[in-house]
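Notes for the one structure printed next.
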Amino acid sequence: MVVSGEFKFLGVEKRNGFKDPAQTFYVLGLGQGLDSLRCYINAEMYGKYSSLVPYSDVIAELDYNPVSGKVALRAIN
């Protein structure tokens with residue numbers, strides 16, 4: 001199910017894996033009111049969204065899977 005909403009862009013971060021430090025993970029943060037959402041993204045999205053200014057207003061498109069309860073980022077406009 002695809003949903004969209006208005007969020008504050010909190011930023012992106014590049015992390016090394018805990019078990020395998022050679023593996024790299026990319027994380028994007030979104031906030032809305034008192035709630036926050038951390039989404040794992042790929043390297044292409046990291047490069048695309050790292051130029052956004054933190055705490056700017058964005059409209060994010062999310063893919064929600066009600067069976068697993070997972071939320072994945074599709075795009076930021």
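What percent does the relative contact order of the chain come to when contacts are Cα pairs within less than 8 Å and at least six residues apart?
Value for the chain: 35 percent.
Suppose R0 equals 22 Å; then what is the FRET efficiency for Val58 and Leu34 from their Cβ-Cβ distance, rounded to the nearest 0.05?
0.80
Let me check I have the definition right: for the chain, take the eigenvalues of the Cα gyration tensor, multiply each by 5, take square roots. What are those semi-axes in whole Å, largest first?
The answer is 21, 16, 11 Å, longest axis first.
Throughout, read-outs are computed from the coordinates displayed, never taken from laboratory work. All values reported here derive from a predicted model rather than from experimental measurement. When we count neighbours, we look across all protein chains shown, and the Cβ atoms used for this are built from the backbone with ideal geometry, even at glycine.
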